[in-house]
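Reviewing the structure listed below.
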Amino acid sequence: MVNRVNIVWFKRDLRLADHAPLWEAAKRGPLMPLYIVEPELWKCADSSRRHWCFIRDGLIDLQKDLRSLGLDLIIRIGSVETVFADLLAETGGFSLWSHQETGNGWTFRRDLAVKAWCQGHGIAWREFTSNGVVRGLRARDGWAKARDAAIGQPLYPELSSHQATLCVGIGSDPLPQKNDPLFGSVDIGSVQAGGRQEGLRVLSSFLADRSRNYLQTISKPGISARHCSRLSAHLTFGTLSVREVEQATRREIDSLLAFSDADSVAKRRNLSAFLSRLAWHCHFVQKLEQQPQIEYQCMHPAFEGMREPHFRDDFFEAWKAGQTGYPLVDACMRSLKDNGWITFRMRAMLVSFASYHLWLDWRKTAPFMAGLFTDYEPGIHYSQFQMQSGVTGINAVRMYNPIKQSIDQDPEARFIRRYIPELRDVPAMFVHEPWRMDRPLRSYPPPIVDHQAAIRFAKAEIAKRWSRPGFRDEAREVHEKLGSRKKQPNRRQKTKPVDKKQMQFDF
Ligand SMILES: Cc1cc2nc3c(=O)[nH]c(=O)nc-3n(C[C@H](O)[C@H](O)[C@H](O)COP(=O)(O)OP(=O)(O)OC[C@H]3O[C@@H](n4cnc5c(N)ncnc54)[C@H](O)[C@@H]3O)c2cc1C
């Protein structure tokens with residue numbers, strides 16, 4: 001039908017720029033930009049109001065930008081199938097346009113149901129690839145090349161008002177407020193601001209200035225908040241595309257090529273490291289795209305059943321509350337609950353502590369942390385949880401030493417004292433290990449487990465699995481399907497010596 005309505009379903013792509021479905025749909029006829037608030041999604045264990053707050057900022061900007069084109073953003077609250085059935089009745093027929101979504105198990109099943117519904121009702125649903133992720137891939141060979149080619153393509157231009165035709169007469173639900181009970185009732189602290197304009201501002205300040213100290217501070221729990229890009233939530237919810245961020249970064253690197261002063265050289269190095277991380281973003285989302293089960297199952301089957309029977313609720317509660325007695329672990333957890341972001345190394349340490357020291361199953365800890373992270377991206381999240389819990393069978397097992405991390409990354413304990421007021425008056429020589437003081441503290445707990453004993457136990461349990469017959473064959477299969485194809489550095493020449501205190505094991 002020539003003038004069929006074209007519904008552009010916005011999901012994790014809250015922008016007009018570099019938006020293939022919008023651009024292609026606009027060529028076909030009247031447009032109806034749509035966002036669906038799905039109550040069932042918000043009941044999932046990994047959803048939280050923090051995500052909604054960030055999304056809502058994005059929707060407000062999207063509304064403004066669409067209005068400048070003479071378009072309206074239609075909001076509907078309800079199950080997707082009901083919403084589409086209503087819209088079918090209201091429009092008499094539509095085509096559906098969207099990006100492919102690599103979300104959690106719930107959105108995966110919802111998309112299968114939408115596909116079936118569309119087929120049953122004669123609706124064409126055209127989905128476009130997103131951020132270099134390739135759908136339908138069986139193994140990893142050739143993926144990195146395909147990803148780089150997609151990310152190198154020119155951006156889709158923004159529509160102009162004469163290209164967009166409004167579909168008239170369709171009503172919208174009001175946009176729910178940030179504190180609507182639909183998104184849960186847990187107190188969420190502060191939330192990073194969202195929205196397209198904010199995303200562009202954050203990108204520009206990172207490229208122009210903040211990236212100067214990127215690598216130098218990336219593992220420091222306090223100061224990294226300023227010098228890391230802070231683009232993760234924007235990439236997760238698509239207020240910026242990976243392609244536009246990568247291309248802007250490459251332009252900045254190119255502009256520095258003519259300069260050989262130390263500052264320009266350092267900035268180039270920092271921005272190149274940032275580019276690698278953008279590629280990791282796509283790499284991890286690709287893993288979930290290829291194997292949605294990694295949200296629920298250990299990548300390597302040998303680790304199934306290893307931790308589940310030993311789950312200790314009291315340990316879980318102490319970890320969640322920032323009451324383990326290990327100052328840096330507790331400060332990180334409290335800070336995360338306060339503001340929804342913490343740097344990579346501290347995320348890894350928090351998970352390592354839960355998985356090795358407390359021997360908690362990652363399937364219980366991962367949804368809890370997903371709710372805390374504003375930038376919750378299922379592909380990265382579950383892959384990282386599995387890696388930091390030692391259940392992939394294809395990565396070196398790294399058990400973070402929380403005392404060493406504390407001394408290395410927060411030597412003056414500024415971050416610790418900020419988030420653990422109970423330790424404010426503890427002398428510097430004891431603040432990383434307050435249990436060493438003669439008099440125990442009344443307001444802060446002693447360590448929940450003994451570090452050395454916990455690590456000995458964890459290492460023995462993991463080693464048992466690695467030495468099982470057939471382990472390596474299964475690991476090869478995991479690598480074939482999900483592993484990176486990047487060449488490993490020549491171990492003898494290039495890797496740093498193993499830091500025993502850090503405890504990295506290559507079984
Ligand atoms: C247990 C655990 C869970 C994590 N969960 C998430 C998550 O849900 N969402 C998320 O975006 N990141 C996650 N990360 C990865 C990383 O910690 C964050 O991407 C990063 O801290 C976000 O801050 P930034 O944007 O300032 O990062 P930058 O260092 O500025 O990096 C730029 C971008 O690269 C990507 N990136 C950075 N580090 C990684 C990484 N190790 N793996 C994959 N992509 C990376 C992100 O998109 C990030 O925005 C997780 C890491 C761990 C250890």
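Nothing in this text is a laboratory measurement; each read-out follows from the coordinates by a stated rule. Values in this document were obtained by computation on a predicted structure and should not be read as measured data. FYI the Cβ positions are ideal-geometry reconstructions off the backbone, even for glycines, and counts take in every protein chain you see.
Quick one: dipole size for region 196-290, taken about the Cα centre, charges +1 on Lys/Arg Cβ and -1 on Asp/Glu Cβ, in debye to the nearest 20.
The calculated dipole for region 196-290 is roughly 200 debye.
Between the helical axis of 262-290 and the dominant principal axis of the chain, each derived from Cα atoms, what acute angle in degrees is found, rounded to the nearest 10?
The angle comes out at about 70 degrees.
Taking 0.36 nm per residue of separation and subtracting the Cα-Cα distance, what length does fully extending residue 344 through residue 79 add?
Working it through step by step, the gained length comes to 91.9 nm.
Can you tell which of 236, 223, 248 lies farthest toward the positive end of the dipole of region 196-290, using +1 and -1 charges on the Cβ of basic and acidic side chains (Lys, Arg; Asp, Glu)?
Highest projection toward the positive end goes to 223.
Could you tell me the calculated FRET efficiency between residue 396 and residue 119, based on Cβ-Cβ distance and R0 = 45 angstrom, to the nearest 0.05? Let's see the in-between values first.
On the way: r = 45 Å, r/R0 = 1.01.
Step by step, r from the Cβ atoms, then E = 0.50.
If R0 is 56 Å, what FRET efficiency do you get for residue 260 and residue 476 from their C-beta distance, rounded to 0.05?
0.80
As I understand it, the dipole of region 313-423 uses +1 on the Cβ of Lys and Arg and -1 on the Cβ of Asp and Glu, about the Cα centre. Which of 351, 407, 369 lies farthest toward its positive end?
407
What does the helix-only formula give at 222 nm for the chain: each DSSP H stretch with n ≥ 4 adding -39500 (n - 2.57), the total divided by the residues, and the result rounded to the nearest 500 deg cm²/dmol?
On the way: 21 runs with 235 residues, N = 507.
Calculated mean residue ellipticity at 222 nm is -14000 deg cm²/dmol.
Within region 295-505, how many Lys pairs that are eight or more residues apart, or on different chains, come under 15 Å at the alpha-carbon?
7
Let me know the shape class of region 47-124, please: from the alpha-carbon gyration tensor, a ≥ b ≥ c as square roots of the eigenvalues, rounded when a/c is under 1.5, otherwise prolate if a/b is greater than b/c, or oblate.
It is oblate, given that a/c is not under 1.5 and a/b is not larger than b/c.
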